[in-house]
Amino acid sequence: MEKIIAVDGLKKSFGRLEVLKNVSCDFARGGVVSILGPNASGKTTLIKSILGMVIPDSGNILFKGNSILNTFDYKKHIGYMPQIGHYPDNMKIGQLFKMVMDIREQDAVDTDLLKAYQLESMYQKTMRTLSGGTLQKVSAALAFMFDPDVLILDEPSAGLDPLAAEALKEKILEEKSKGKLVLVTSHILSEADEISDQILYLFEGQIKFYKTLADLKQETGEQKLSRALTKILSTPSC
Amino acid sequence: MLKIAKYIILDIVRSKVLLAYTLLLLAISLTIFMSDADVTKGLVSITTVILIIVPLVSIVYATTYYFNAAEFTEMLVSQPISRRAILLGKFIGISSSILLAFIIGVCIPVALFAFSLTGITLMVSGCLLTLSFISLAFLTSTITRDKAKGIGLALMLWFYFSIIFDGLVLLFLTLFADYPLEKVMIVLTALNPIDLARILILLQLDISALMGYTGALYQQFFGSGIGIVFSLLMQLVWTLVPLLFALKIFKKKDL
């Protein structure tokens, strides 16, 4: 399958703390990759490096074959949903969407989530008055809005109500079937179990394993991702 | 770049802090002009007040706004737009909003009540002073990651330029009182944007005669065409240099 993102020998430290130690991996079109790992294992740093928000110390990241260092045009093809979204306080939801359209110079193509979350009826609300969950909905709607080739979701279901999380899950699967790459970090294993094709497990800044979900289950002989993970992580050979 | 500036202006204009700043400046200018028939005296009073308030509000407000919008900056960085455009857009947005407050609060009353060469100097230096302190605010905001540290550093800078710097200059003058220091003083003045603005405005008034021999030299230098151009240029340098450093840091900054 066609590689859309290639990470090559990525290293990054914050002060003395090495967050990413030589991470190399490829991501192909048409799949959901769950990036798992304990807290402070480098998940968000990896994602932020791909987005150009963190500048790596060494190593390279290729997007569709071109290095992303010192460029920004490739972000047109990425939809990003941050862990916690923060937007200008005095701005209304409708204005925020208009602004992002204006900045990206793209039109809102995909309004499924807008409709599912009934955000259109809240266009007049200012960002300051929104609850954490509604902010997450806004972030999710923004990430999918421009029909990007790659979706990067950082802890997407944290703070979403069960119905909204379900709608998001369905949306992720739908986008996958359209041949898009979806990168998700999560701590909720049952959710990762339902949506992902591949699991990338980071531990202390290194890739512990990067396998398809099916392989992982087969190797461990378990039916559930949570059990498979426990088993594979407790065996000393890994 | 201009798009981002536009959205930041729209955001700030709706905030109450900027409105309060505008009204404060307006109240100060109007009270001073109304209560005193002598326009020149009024200008001196306004200068004194402005040289304290304008740098303080500019640097603190810009730093606070920068940090409050930190996550929004993160979001912008994840969009297809260059970091240069983001930072410059922010600068243009924040500075034009604060300048607008200064123009409404000070420039318009001065133009109405005391339109003169001194008045114009006051307007121009006040605007440049605003710009240079916003530029310094950007530098402190990009250097630090922490909001409290950033605002602390901004306040320290203001304190340094408003008070400590003059103390140091006085100390320097007393220590080297035996040497001819007039030319050195001009260079020292250029190291502080507030002093530059102060001297430029005061020299337009006749009270510089009271400043003794150094005052006479100041008058000779800063009162001349070259001197005015020099001090305006130095104020521009105070705007551009911190901003360029901020840009350099921001381009390599992890968000």
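Structure notes:
- Scan of region A:36-45 for residues that are at pLDDT 90 or above and either in a strand (DSSP E or B) or of a type in the set (A, V, I, L, M) (or both), ordered by number: A:Leu36
- Residue match in region A:46-54 (condition: more than 9 Å from chain B (Cβ to nearest Cβ) and at pLDDT below 90): no
- Taking region B:1-54 as the range and being away from chain A (no Cβ under 14 Å) and either under 30 Å from B:Val77 (Cα atoms) or not in a helix (DSSP H, G or I) (or both) as the test, the residues that pass are B:Asp36, B:Ala37, B:Asp38.
- Restricting region B:16-34 to residues that are under 12 Å from B:Val49 (Cβ atoms) and small (Gly, Ala, Ser), the residue that is farthest from the chain's Cα centre (by Cα): B:Ala27
- Screening region B:70-138 for helices (runs of 4 or more DSSP H) wholly inside it with 1 or more residues that are of a type in the set (Ser, Thr, Tyr) and either away from chain A (no Cβ under 14 Å) or closer than 25 Å to B:Val44 by Cα (or both) returns the ranges B:83-102.
- Among residues of region A:4-44, those that are touching a residue at least 40 places away in the same chain (Cβ under 8 Å) and surrounded by fewer than 18 Cβ atoms within 10 Å (Cβ to Cβ), counted: 14
- Among the residues of region A:78-96, those identified as under 20 Å from the mean Cα position of the chain (by Cα) and surrounded by 17 or more Cβ atoms within 10 Å (Cβ to Cβ) are A:Ile78, A:Gly79, A:Tyr80, A:Met81, A:Pro82, A:Gly85, A:His86, A:Tyr87.
- Residue in region A:62-75 that is in contact (Cβ under 8 Å) with a residue 12 or more places away in the chain, more than 10 Å from chain B (Cβ to nearest Cβ) and outside any loop (DSSP other than H, G, I, E, B) present: yes
Yes/no per residue for (1) within 13 Å of the chain's Cα centre (by Cα); (2) free of Cβ contacts under 8 Å to residues at least 60 places away in the same chain:
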site	(1), (2)
A:Ser157	yes, yes
A:Leu160	no, yes
A:Ala167	no, yes
A:Ser196	yes, no
A:Gln218	no, yes
A:Gly221	no, yes
A:Ser226	no, yes
A:Lys231	no, yes
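- Among the candidates A:Val23, A:Val33, residue that is touching a Gly at 6+ places or on another chain (Cβ under 8 Å), away from chain B (no Cβ under 14 Å) and assigned to a strand (DSSP E or B): A:Val23
The values are calculated or read from the model by the stated rules, or taken from the named source; none is laboratory data. Being a predicted model, the structure only gives us computed values, none of them experimental. When we count neighbours, we look across all protein chains shown, and the Cβ atoms used for this are built from the backbone with ideal geometry, even at glycine.
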